[in-house]
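As structure tokens, the structure follows; a few thoughts come after it.
The values are calculated or read from the model by the stated rules, or taken from the named source; none is laboratory data. Only a predicted model underlies this, so the values are computations on that prediction, with no experimental measurement involved. Here Cβ is always computed from backbone atoms with ideal geometry, including for glycine, and neighbour counts include all displayed protein chains. Remember, those area values only see protein heavy atoms, side chains included, never the ligands or the DNA or RNA. Shrake-Rupley method; radii C 1.70, N 1.55, O 1.52, S 1.80 Å.
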Amino acid sequence: MTDEQTQQQELQQQERKAERHKARQQKVKAGVDAKIAAAQEEKGILLVLTGNGKGKSTAGFGTVARAVGHGKKAAVVQFIKGTWECGERTLLEGAGVEFHVMGTGFTWETQDKAKDTAAAEAAWAAAESLLKDPSVDLLLLDELTYMVSYHYLELARVLTALRNRPPMQHVVVTGRACHRDIIELADTVSEVQPIKHAFEAGIKAQPGFDY
């Protein structure tokens, strides 16, 4: 076989590969297009971001930023957060996002269940008000899952508020070990799993990256 014939054969193989790739991609596109055509309902979405990995709150705040970028009204209620400066809050409050922060710190720091429960009740009262407000397009309930796990808030009360919110209001719930009933109610659930974490290697949390 001459060099010219070899080159021609290689070219034909490349063309066949390109045709097969195009056929596969056309099949993928047809499937995606069919799903898009079938998904015509518009409603408020309940998104749960749970699991033991890093990034749940960060993803929640990213969704808030996206909403604000589209001119939507967003609000945030933070549970079990420290008293240090929050970069996301500094940025988003400047963009008109309403914040309510439990602000007592982590429960292993306060070691005072009565104080934590009272703080949780106050934060949840703000959340309930926002969950009734149809002008709020997106509400982030950051670390809400712990309030249910630690029995600071009644599960039934949380479920009722989530079910009865305005039809077009989106809600994002973050935190580990989300209760199965909240997961069942949710429209979308993502579980973040840890593979590696810098803290386990002795690297401290740093502003601008971790908080």
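Quick notes
- Of the criteria (1) modelled with pLDDT under 95; (2) surrounded by fewer than 21 Cβ atoms within 10 Å (Cβ to Cβ); (3) assigned to a helix (DSSP H, G or I), which one residue 116 fails: (2)
- Among the candidates 155, 130, 140, residue that is modelled with pLDDT of 95 or more, closer than 20 Å to residue 79 by Cα, within 14 Å of the chain's Cα centre (by Cα) and not small (Gly, Ala, Ser): 140
- Within the stretch 161-178, tally of residues that are closer than 12 Å to residue 149 by Cβ and either modelled with pLDDT under 95 or open to solvent by less than 50 Å² (accessible area, probe 1.4 Å) (or both): 2
- Residues that are part of a loop (DSSP other than H, G, I, E, B), within 21 Å of residue 146 (Cβ to Cβ) and among the small types (Gly, Ala, Ser) within the stretch 42-83 comprise 51, 53, 55, 82, listed in sequence order.
- Those residues of the stretch 49-94 which are among the hydroxyl-bearing types (Ser, Thr, Tyr) and either open to solvent by less than 40 Å² (accessible area, probe 1.4 Å) or more than 13 Å from the chain's Cα centre (by Cα) (or both), in sequence order: 50, 57, 63, 83, 90
- Checking each residue in the stretch 138-160 for being among the acidic types (Asp, Glu) and surrounded by fewer than 19 Cβ atoms within 10 Å (Cβ to Cβ) picks out only 154.
- The listed residue being over 20 Å from residue 188 (Cα atoms) and in contact with a helix residue (DSSP H, G or I) (Cβ under 8 Å, 6 or more places away or on another chain), out of 48, 64, 97: 97
- Hits in the stretch 146-203 (condition: closer than 15 Å to residue 131 by Cα and of a type in the set (Ser, Thr, Tyr)): 160
- Scan of the stretch 24-48 for residues that are open to solvent by 90 Å² or more (accessible area, probe 1.4 Å) and either on the phi > 0 side of the Ramachandran plot or β-branched (Val, Ile, Thr) (or both), ordered by number: 36
- For the condition touching a strand residue (DSSP E or B) at 6+ places or on another chain (Cβ under 6 Å), without any contact (Cβ under 8 Å) to a residue 60 or more places away in the chain, within 30 Å of residue 177 (Cα to Cα) and not aromatic (Phe, Trp, Tyr), residue 68 qualifies.
- Some residue of the stretch 4-23 being open to solvent by less than 100 Å² (accessible area, probe 1.4 Å), assigned to a helix (DSSP H, G or I) and modelled with pLDDT of 85 or more: yes
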